[in-house]
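Accompanying notes for the structure given below.
The values are calculated or read from the model by the stated rules, or taken from the named source; none is laboratory data. Owing to the predicted nature of the structure, the values given are computational and were not obtained by experimental measurement. Using ideal geometry, Cβ is built from the backbone for each residue, glycine included, and neighbour counts are taken over all protein chains shown. Ligands, DNA and RNA are excluded from the accessible area calculation, which covers all protein heavy atoms including side chains. Shrake-Rupley method; radii C 1.70, N 1.55, O 1.52, S 1.80 Å.
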Amino acid sequence: MLRTVAPFALIVLLLLAWEVACRALHAPTYFLPPPSAIAVALASDWAALLRSAWNTLAMALMALLVASVLAQALALVVALSPILERAVRPLAVVLQVTPVVALAPLVLIWAGIDHPGRAIVALAAIVAFFPIFSGAVTGLKAADPDLERLFDLYGATRLQRLTRLRLPSAVPFLLEGHKVAAGLAIIGAVVAEFVAGSGGAQGLAWRILEAGNRLQTARMFAALVVLGLLGAVLHALLERAEQAGLRWWRGR
C-alpha cells in the first residue's frame, strides 16, 4: 500500500507547495498559474483537450504502425546478409541522430503545406523507426549459439533459420523496441506539430501554441497535463502488452 500511495502523496505535496508559493508570492497568473487555475482550465476545456489528445494519439499510432512495418521489413532483409547490415546501419543511425526539427521543413514541403497531418505522421515515424529497427536486428542475432550449430548440422536454409530460430528469439527485443518507439512517436508528433505551426492537425501541441500566443498559461499547463497523462497511459498499456507477450514467449 505504501508503494502505491507514495507517488500520489508526493504529487499532492508538490501541488500544495506550488499553490502556497503562488499565493504567497502573488505570482501573476500569466507567468505561473497555481494548480487551482490549471484545474479550472482543465474543467472548462476538457472537451477540446480530449479531441486534441485523440488527434495527437491517432497520429502517433499511425506513425508507430508505419515505423513498425518499415523497420521490421528492413531488419528481416538485413538479417539475411551481414554486408547489408553494415551498409544500412550507419544510415539508420544518421537518420536517428538528425533532429526532427531540421527535417521538418523538407517533410512539410514534400507532404504539402495543406496536409500537415501527413508531415506529422512522417516525422513521428522517423523518430520511432530506429528503436524498432535496432531491437529487431539485435533480436535476430540473439539466437542461442548451440541452436545455431544444430541448424548448421541439419543443413537448414537461411529462410528456415530465420523463421524457425531467429524470429522467435527476437520477440522480447521487438516488444521492448515497440515500447520505446511508442513514447518517441508521441514526442515526434508533438514536436512536428510545433514545427508545422498549423492548426490543421488540431493536436495538443496546437492547443499549447494557441494558448501561448494569448498568454493563457493555465490552458498551456492543462494541455501539458493531458499530454503527460496520455503518454503515461500509453506506456502502461504497452508494458501490460509486453508482459503478456513475454509470458506467451516463455510458455511456448
Given the Cα atoms of the range 1-150, and with Rh set as the inverse mean 1/r over their pairs in the Kirkwood sense, what is Rg to Rh to two decimals? 1.17
Gaussian network model of the chain, Cα within-10 Å springs - most flexible of Leu224, Leu91, Leu175: Leu91
Whole-Å distance, taken between Cα centres, linking the range 101-167 and the range 219-238: 27 Å
Taking the square root of 5λ for each eigenvalue of the C-alpha gyration tensor of the range 102-203, the equivalent ellipsoid has semi-axes, largest first and in whole angstrom, of 40, 13, 8
Using the heavy atoms of the protein chains alone and a 1.4 angstrom probe, what is the accessible area of the range 103-177 per residue in square angstrom? 53 Å²
With label points set 7 Å from each Cα along the Cα-to-Cβ direction at Ala43 and Val171, the distance between them in nm comes to 4.9 nm
Solvent-accessible area per residue, Å², over the range 11-74 with all protein chains present [probe radius 1.4 Å]: 62 Å²
So, in nm, how far is label Ala24 from label His115 when the simple model puts each one 7 Å beyond its Cα toward the Cβ? 5.6 nm
Round to the nearest 0.05 the FRET efficiency obtained for Leu84 and Trp54 when R0 = 41 Å and r is the Cβ-Cβ distance. 0.55
Using a 10 angstrom cutoff on alpha carbons, build the Gaussian network for the chain and name the most mobile of Leu25, Leu184, Leu159. Leu25
Quantify, in whole percent, the carbon and sulfur part of the accessible surface of the chain (1.4 Å probe; protein heavy atoms only). 72 percent
Residue-span extension gain [Gln160 to Val101] - 0.36 nm each, minus C-alpha spacing: 17.0 nm
Just subtract the alpha-carbon distance of His235 and Leu153 from 0.36 nm times their residue separation and send over the number in nm, one decimal. 25.3 nm
Of all the C-alpha pairs in the range 74-151, what % are more than 19 Å from each other? 50 percent
